[in-house]
1. Report ³J(HN,Hα) in whole Hz for each residue of segment B:361-370, in order, from the Karplus equation J = 6.51 cos²θ - 1.76 cosθ + 1.60 where θ = phi - 60°; Gly and Pro get x.
2. Considering every pair of different Cα atoms, what Kirkwood radius, in Å, is found for segment A:102-187?
3. For a footprinting-style exposure proxy, rank A:Phe216, A:Phe269 by other Cβ within 10 Å, fewest first.
4. Roughly how many Å is it from the Cα centre of segment B:144-193 to that of segment B:88-105, as a whole number?
5. If you average the sequence gap of Cα pairs under 8 Å that are 6 or more apart and divide by the length of chain B, what percent do you get for the contact order?
6. Which of the three applies to segment B:203-360, rounded, prolate or oblate, going by the alpha-carbon gyration tensor with a ≥ b ≥ c and a/c under 1.5 meaning rounded?
7. Could you tell me the relative contact order of segment A:104-327? Use alpha-carbon pairs under 8 Å, at least six residues apart, and round to a whole percent.
8. Please list 3J(HN,Hα) in residue order for segment B:179-193, calculated via the Karplus relation 6.51 cos²θ - 1.76 cosθ + 1.60 where θ = phi - 60°; whole Hz, with x for glycine and proline.
Amino acid sequence: MTVTSQSTGLQADEPANGPAPSTQSSGASRAGRPGRGSHQSSRRRWGLEFGHWWWALPGIALVFAVHYVATGIGGFFAFTNWSGIGSFEIVGFKNFEAIFSDPAKIHSLGNTLFFAFGSVLLGNILGLLLALGLNRVVKTRYALRTLFFMPVVLSPLATAYIWKFIFDFDGPINTLLNTIGAGHLAKPWLADPHWASWTVLVVLTWSSTGFAMVIFMAGLTSVPNEVEEAAAIDGANLWQRFQHVTLPALRPAVAIAMTLGIVQGLRVFDPIMALTSGGPAGATETLATEVYKQAFALGNFGGGAALALVLAVIILFFAVLQQRLTRSNPED
Amino acid sequence: MTQQRCSAGFRLAALAIPTVAALALTGCGGSSSSASDAENQEFSLTFATSNTVESPYEALAKQYMQEFPDVKITLNPQPNDSYDQVVRTQLQAGNASDVLVTSPGSASGRSILPLVEAGFLEPLSESAAALVPEGSEALFGPDGKVYGLAPEITVVGLVANDTASAAAGVGTFPEDFAGVLEQCGALAADNKSMFAVAGTAAPNTGLLGMQLAATRVYSKDPDWNDKRAAGEVTFAGTEGWQQALEAVVDLKDAGCFQKGAEGAGFDVVTKALVSGNSLAAFIPGPSNKQLKTTADDQDFEVRGLPSEGGAEDDFIYASANYAYSINAASKNKEAAETFLEWLAKPEQTKAFAEIDGALPVTGLEDYDFANSAYKNVADLIMDKKYTPLPNSKWSNAAVYDELGTGVQGLLTGQKTPAQVLEAMDAAWDQ
């Protein structure tokens, strides 16, 4: 056997040729190893592809185990009555029936949607305004951009505790109201059944505005300057320029900001847990906080897993919906 | 070999070697600890801490190590908030400490009965059985076995700041509930409050609810919990419970709680008690010791909440709320059991109770009530006018959670007593 057919016998009788017949191994064979051109292509047929697959296997196994198997096992427990320790029995859909017949759980579902859509809407509007304001002209805009983006990178738990202090009954806000003579407005903001949700919404919006601002700033760079100037020359005022030139060009950015915002907003946990722990009396409970409470604090792992499954389905629904809506965008 | 293949090979090696090394080291790290202390008198102890004061668990472990220099105890303190979850996760994963602190009953994540059912605890010897308080045997394990060693008796009533009470003009504590309501009005006018309540902390609001139920449910019917377990009574159907929760609303309307009580946390309660702005709080008896270390010049005492009928009807809760247990999967059971035998001795239980500010589990007849923080409840204890904390016998932790959040709902006006009791019944059957 010749040297060229060390790896397989397939190309053993092919004449050794310099430029390889296929383009894939052109790099190696043109590097001046004419004798190994056919060797290269024969190795490539089963050697190199097989190698790729082997190399990826540990990574694939890890992702599969951590993401899919772990989630699947959690989903399985949704159909059991496991308490977190000891034995369990399969109870079918009993946990789900309990969820949909409990007004407290339905209320927490409503809260989840309220916080998600509320914080996304407000965060995006404020983010857009900030992005427009800090797009050009303002001299300190770089420093201001950093300041406005900082809430996004700070730990949500740490900032939530600071907000809790601010909204405390003896905290800065009530003290301020008392000093300016509006003491009758002072209330326990995070423990008032009507105001607790809005207070939490303020904190959630505060943390997500910077993120939306950055996305919109990136989107604004794609707004064509000349078209804006042309519109201005044609007599369009600020609002008309915004409506007909800027906003259409920003549509992809809006889509991205809303998708990311909603998916994140639906599963927010740290700030709510730190601010109110779902109180007062369950007024600010969301599906995420209920999952934690049921599964870990109250030893009802099956019920908590069922809630988690419901939450996952809701998030999936909105993520797919967003994808559909943005894909049908004619500008894309 | 070409240039490309050389550098590609190096890059691969540069990525692969540290990854493989990291995985190998994690694998090795886990197994080294268990191998070393199999032979020696070494074991680990885990317990919950709520503050920076040295806990009696730590103090006694150190004393044991001093008395027996061969022994090494690894202390694993956990914050109280997450203790239940951490212990359960560790037991489930098999890497829990050899000795752990549990609670008798079935009320919380660290309770003995569910852990025994899952096979995580080891039955203990006669010395532990001798320490089980009378009437609490069922809380320490099924079938007459004992799975926990109780080091102290915790009295749960009110902790009152006597110094501040005198300063606020409340020389003698009101005798009955009507007197309490009257006193609240007078104090509120003075910008003080009778009680400090942490509305956002379910354990505190839960204790408030249970204190009111002490003289309205449990003094009249001590077997109420057993009847509930058998399904003969319900929370919603028991007038005593209805009255207890209506009393929460009465207290609120009379201005007995501090302003902003529904949104307060434990820190507010401590501050209010220490500064004298509130006279009493619904916290466990041993807290008097911790408050004293914060405010040395004030006197904190344990009292019962005055009943509607006056002193003859007073009732209080006293039980062993914590116990040492041995992990069934422990590899150092002999060392752990020797430690528990030592702990069961009267000198140790007395020392434990003294450090923690609680009552000793044995020798109550000789206890010097008159010179302790428990002088006001001495009669109740000696006349056996007490029962274990009710929630330790409830079917699961969700019932007590519903009570705690329900009382917060009563403070904010979101819920009515009937709604709270119905929710508790629904949670019982979960």
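Only the coordinates and a few stated rules stand behind these numbers; no lab work does. Owing to the predicted nature of the structure, the values given are computational and were not obtained by experimental measurement. Positions of Cβ are backbone-derived with ideal geometry, glycine not excepted, and every protein chain shown enters the neighbour counts.
1. Working through the residues one at a time gives 7, 10, x, 5, 5, 8, 5, 7, 5, 4 Hz.
2. 16.3 Å
3. Taking fewest neighbouring Cβ atoms as first place, the list is A:Phe269, A:Phe216.
4. What the calculation gives is 34 Å, centre to centre.
5. Rounded, it is 25 percent for chain B.
6. oblate
7. Value for segment A:104-327: 30 percent.
8. The phi angles translate into x, 4, 4, 5, 4, 4, x, 4, 5, 5, 5, 8, 6, 10, 9 Hz.
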